[in-house]
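The values are calculated or read from the model by the stated rules, or taken from the named source; none is laboratory data. Computed from a predicted model, the values in this text were never measured in an experiment. Here the Cβ positions follow ideal geometry from the backbone for every residue, glycine too, while neighbour counts run over all protein chains shown.
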Amino acid sequence: MNVSPEVIDAGYDACRRMARRSGSSFYPSFFGLPREKRRAMDALYAFMRHTDDLADDPQADDAAEALRQWRAALDAARKDRFDRIGNVPHQELLPAVADMLRRYRVPPEHLHAVIDGVEMDLKRRRYETFDELEGYCERVASAVGLACVHIWGFTGREALEPARKCGIALQLTNILRDLREDARVDRVYLPLEDLRRCGYSVEDLKNGVADGRFLHLMDFQIHRAQWFYREGAELMQWLEPSGRRIFGMMTSTYRAVLRKIERRPAKVLTRRVRLGRLKKLQLALRWALLPPRAAALV
């Protein structure tokens, strides 16, 4: 079943609307890309946004079944079998998603990995070791980064490992930023072995205990995330020029959040750490106006 260019364009329009409505701090960075790559990023982001929403939507009777149907719909769209998609929410996104996968040769397993990661959130609320947590981070974050570099353009398979590590760094930052919200719903992403090493407990976390044990725990997690950022920074040299800007803007934003957490670690137990508008504007202008290598040094 061939899909007309008009249907594909309508799909991209739907993806753009969803990406814009999300209010993500990343959305403005898409405008640093050429039009076709910007549309592809809209499609990728919309797919990720909807996949994540399927697990959180209180209207869904069975999130696991909704994700199963969404996975099947993705596979049908990839084969241009839109007649087999069925009645899944936001299926209007899929012609653009399928076009993005083909146009930029994005391995579909990266999108499947994201669905796998969201399914993990339905089943698991604890991670015993960092190795276990790393596997989760690879699915929900590294897979996104690996899809992104195919859209941005890269030279050499050497780009793939730093892209994986950068995804882990971003997800570790998310985990630290969202500690309070996750603990409120009995979800703890910090490895339990790390809590025990610091003499800190899940109950301490739920009760917002910010003593020396907590500060020691946070220091360990922050330094781990910083290591992944340093390792992931190598990706810059393998990206095409327009990709360097969006990569720099994304990682600089998250590293700024991590530095803010590092200055006042206990704050994550009382409120969500955010960057102010002025800081966001400063980062955006740096990467929009300066050559990427110069911007990285500012």
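If the condition is being over 15 Å from the mean Cα position of the chain (by Cα), surrounded by fewer than 22 Cβ atoms within 10 Å (Cβ to Cβ) and either not in a helix (DSSP H, G or I) or not charged (D, E, K, R) (or both), then the stretch 91-119 contributes 91, 104, 105, 106, 107, 108.
Any chance you could count how many residues in the stretch 60-90 are assigned to a helix (DSSP H, G or I), of a type outside the set (A, V, I, L, M, F, W, C) and over 19 Å from the mean Cα position of the chain (by Cα)? Of the residues in the stretch 60-90, 7 are assigned to a helix (DSSP H, G or I), of a type outside the set (A, V, I, L, M, F, W, C) and over 19 Å from the mean Cα position of the chain (by Cα). Across the stretch 32-49, not a single residue is classified as at pLDDT below 95, in contact with a His (Cβ under 9 Å, 6 or more places away or on another chain) and in a helix (DSSP H, G or I). Please go through the stretch 68-89 and give me each residue that is more than 21 Å from residue 105 (Cα to Cα) and buried (at least 20 other Cβ atoms within 10 Å of the Cβ), ordered by number. The answer is none; no residue qualifies.
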